[in-house]
Amino acid sequence: FQGIFVLGLPYALLHSGYSGLFLIILAAALCCYTGKILIACLYEENEDGQLIRVRDTYEDIANACCKKQSSKLGGIVVNVTQVMELIMTCILYLVVSGNLLSHSFPYVPMTEKTWSVIAFVTLLPCVFIKTLQIVSKLSQLCSLVHFIIILVVMTYCLTQIHQWSWAKFRLSIEFEDFLVSVGVIIFSYTSQIFLPKLEGNMKNPGEFRCMLNWTHFFACVLKTTFALTAFLTWGEETKEVITDNLPSFLQTLVNLCLLTKALLSYPLPFFAATEIVYACISRGNHSNYRSPLFALGVRGSFLLLTLLMAMFIPHFALLMGLTGSVTGAAMTFLLPSLFHLKLKWKKLSFLEKCADISVFILGFLCSLAGTVCSIKGLLEVFG
């Protein structure tokens, strides 16, 4: 929950005002709820009334919901959406890497796109990653670097507390900018694609709901505190990536730490996306699709795709907002509520049905409006 995209939250507050604080809290509550109902879809009651885990993945849930139409239609939709979100996450890591390098070395006459290419070169070894064990070790280092970054930024903000003013918050906001902020906030909480596997690997799955409550609570507190202190420090001067606001003596140090974090974070979504695609392609009996060379080609193609997209759309907040509005809203709000209604309709109370329908409608409206506004913002940037 506390990934590198937390750095976009102060910018989201700039465009959403007081409502942004409410949105951070509301998004935590809704994401926690949809996480619970998604996991509920993995279980069915047996003849004795005991809950038995009959499904293992998000794809299995989707296939169960669409089995009357097609045994694989739901899984295809979910897999496509998952891959889109994971690849967009990888693209964001490249975009932010280019941004960080250009601000760390402003005296070097190179554009952000060129810096993104340099960051891309360091990621080429990702094509040789075959197991999650390597990725997990990189993620451990990534978490350590992240907490150092957050600590440095918040410590500096607290030294500027004498300059804080609630007057920096907007009372009136631009509707389109607000909707982009909604996408940014949603994207910072998305985790549903990892939850089925996480719950399945817990020593005591019965504690999953409690774990989800506490993690979302602490994530909400940390996000709110970080976004608020950073925005109160810089106000209208808040930039897309908040570290760009730091004084030069801190900016270079923090940006290099962020760059390290971004590069260490890249392998996880990249590995997950390529594994999904490779599994779908090699599911049949085609031995050619199971060769190591073919797997290397799939990973290489995806790596190149992320670079091309990062070069084409080098705007961190707008791209993050678009991703949150399209895939984030779908995987976090739309599909969990829809699947829960489909699989559990007869067992749900009236209030539970209303809650699921409300989440679906809210997610659909946010997704639609946020997508339109993010695309419009990108079109304006490109002239």
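The values are calculated or read from the model by the stated rules, or taken from the named source; none is laboratory data. If you're wondering where the values come from, they're calculated on a predicted model, not measured in any experiment. Note that each Cβ is placed from the backbone with ideal geometry, even for glycine, and that neighbours are counted across all protein chains shown. Just the protein is used for accessible areas: all its heavy atoms, side chains included, with ligands, DNA and RNA removed. Shrake-Rupley method; radii C 1.70, N 1.55, O 1.52, S 1.80 Å.
Data for the structure
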quantity	calculated
Checklist (1) closer than 22 Å to residue 247 by Cα; (2) out of contact with any Phe, Trp or Tyr (no Cβ under 9 Å at 6 or more places or on another chain); (3) open to solvent by less than 30 Å² (accessible area, probe 1.4 Å) applied to residue 229, failing item	(2)
Residue identified as of a type in the set (S, T, N, Q), open to solvent by 10 Å² or more (accessible area, probe 1.4 Å) and either over 26 Å from residue 243 (Cα atoms) or free of Cβ contacts under 8 Å to residues at least 60 places away in the same chain (or both) among 111, 122	111
Filter result for residue 218 (open to solvent by 60 Å² or more (accessible area, probe 1.4 Å) and either part of a helix (DSSP H, G or I) or out of contact with any helix residue (DSSP H, G or I) (no Cβ under 6 Å at 6 or more places or on another chain) (or both))	yes
Pick from region 64-77, criterion in a helix (DSSP H, G or I) and open to solvent by 30 Å² or more (accessible area, probe 1.4 Å), ranking: modelled with the lowest pLDDT	73
Some residue of region 251-269 being without any contact (Cβ under 8 Å) to a residue 24 or more places away in the chain and either open to solvent by less than 70 Å² (accessible area, probe 1.4 Å) or more than 25 Å from residue 154 (Cβ to Cβ) (or both)	no
Subset of region 344-357 (residues that are open to solvent by 70 Å² or more (accessible area, probe 1.4 Å) and closer than 21 Å to residue 62 by Cα)	345, 346, 347, 352, 357
Near pairs, Cβ below 7 angstrom, 6+ apart or cross-chain, from region 222-246 (at positive phi) to any residue that is of a type outside the set (Asp, Glu) and surrounded by fewer than 22 Cβ atoms within 10 Å (Cβ to Cβ)	235/168
Test: residue in region 53-61 that is out of contact with any helix residue (DSSP H, G or I) (no Cβ under 8 Å at 6 or more places or on another chain) and either open to solvent by 40 Å² or more (accessible area, probe 1.4 Å) or of a type in the set (Lys, Arg) (or both)	yes
Failed item, numbered, when residue 171 is tested on (1) modelled with pLDDT of 85 or more; (2) among the hydrophobic types (A, V, I, L, M, F, W, C); (3) open to solvent by 70 Å² or more (accessible area, probe 1.4 Å)	(1)
Any hit, region 77-91, residues being in contact with a strand residue (DSSP E or B) (Cβ under 7 Å, 6 or more places away or on another chain) and not aliphatic (A, V, I, L, M)	no
Residue tally, condition open to solvent by 10 Å² or more (accessible area, probe 1.4 Å) and within 28 Å of residue 192 (Cβ to Cβ), over region 87-108	5
Looking only at region 324-370, and only at residues there that are without any contact (Cβ under 8 Å) to a residue 60 or more places away in the chain and among the polar types (S, T, N, Q), the one that is farthest from residue 312 (Cα to Cα)	349
Residue match in region 21-40 (condition: of a type outside the set (S, T, N, Q) and modelled with pLDDT under 85)	no
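Residue by residue, here is whether (1) under 19 Å from the mean Cα position of the chain (by Cα); (2) open to solvent by less than 40 Å² (accessible area, probe 1.4 Å); (3) of a type in the set (Phe, Trp, Tyr) holds:
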site: 7; (1), (2), (3): yes, yes, no
site: 13; (1), (2), (3): yes, yes, no
site: 17; (1), (2), (3): no, yes, no
site: 20; (1), (2), (3): yes, yes, no
site: 29; (1), (2), (3): yes, no, no
site: 42; (1), (2), (3): no, yes, no
site: 45; (1), (2), (3): no, no, no
site: 50; (1), (2), (3): no, no, no
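Conditions tested, residue by residue: (1) farther than 22 Å from residue 138 by Cβ; (2) modelled with pLDDT under 80; (3) not small (Gly, Ala, Ser).
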{"position": "254", "(1), (2), (3)": "no, no, yes"}
{"position": "280", "(1), (2), (3)": "yes, yes, yes"}
{"position": "295", "(1), (2), (3)": "no, yes, no"}
{"position": "307", "(1), (2), (3)": "no, no, yes"}
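Yes/no matrix, rows are residues, columns are (1) among the charged types (D, E, K, R); (2) under 19 Å from residue 332 (Cβ atoms); (3) part of a helix (DSSP H, G or I):
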position	(1), (2), (3)
79	no, yes, yes
82	no, yes, yes
87	no, yes, yes
90	no, yes, yes
97	no, no, yes
103	no, no, yes
108	no, no, no
115	no, no, yes
